[in-house]
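The values are calculated or read from the model by the stated rules, or taken from the named source; none is laboratory data. None of the values given here were measured: they were computed from a predicted structure. Here Cβ is always computed from backbone atoms with ideal geometry, including for glycine, and neighbour counts include all displayed protein chains.
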Amino acid sequence: MQMKIRYILFLICSCFAVFASAQKEERDFLRKGNRQYKDSLFVDAEVSYRKALEINPMSTEAMFNIGNALTQQEKYEEAIAQYVDAAKIEESRKLDKDKMKLAHTYHNMGVIYQAGQDYAKAIEAYKMSLRNNPKDDETRYNLALAQKQLQDQQDQNQDQDQNEDQNEDQQNQDQNDDQQDQNQDQQNQDQQDQQQDQPEQQENKENEMSRENAEQLLNSVMQDEKETQEKLQKQQVLQGSRLEKDW
């Protein structure tokens, strides 16, 4: 029985020793990463922080520091992902939740969103930061600035939409004016064509009337000549014959 108890105690001590050693190794990598970060060796710092995270996958400190190193490398989406993971884990710790760490995490998220002009998300992140640390004046200032920037952005978008609508209306009006001008030009051209056609039609009509008069005159002359010929023929007959008187 005593041997069994000693064995259990040995296992417990061994576990504590391993855990303590792992903690020490994690802390060493975190300290190393912090020194590299301070020297602006952000890539090396990220590597050290990730080694610490491999030892303790629930280390919100390692996640937060990785997010900072990624931000300095302008890898903003990856940084946001690290901050989000850190915030989720920290929020899940109901009793021993580190509010100050949460405040810093949400603040840094807000800074990235604000730099990317995603002011709505920045405002929400700053509000979450202030819920965990209401005394942070820097976060409060950033929140007020983000709210103003969001309002300016909305006003600018509204003005732009109005200008686009006005431009579209003006384009439609210009198109209508152009169409009306084209229609008017076509009407004027049609009128000119009609005016040009009228003299020709009148001339053709006059020519037709002249031909009719000539034909009538010719027919009249021919008729007169025919009658004259008939009269001459009758006279010739009368002259060549003798008249018989009736008694």
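Here are a few things to note about the model shown:
- Scan of region 34-50 for residues that are more than 43 Å from the chain's Cα centre (by Cα) and closer than 24 Å to Ile89 by Cα, ordered by number: Asn34
- Within region 12-47, being part of a helix (DSSP H, G or I), modelled with pLDDT of 95 or more and hydroxyl-bearing (Ser, Thr, Tyr) holds for one residue alone: Tyr37.
- Filtered by the rule that a residue be in contact with a helix residue (DSSP H, G or I) (Cβ under 8 Å, 6 or more places away or on another chain), of a type outside the set (Phe, Trp, Tyr) and part of a helix (DSSP H, G or I), region 48-62 gives Ser48, Arg50, Lys51, Ala52, Leu53, Ile55, Thr60, Glu61, Ala62.
- Asn183 loosely packed, with under 12 Cβ neighbours inside 10 Å and either under 29 Å from Asn68 (Cα atoms) or under 22 Å from the mean Cα position of the chain (by Cα) (or both): no
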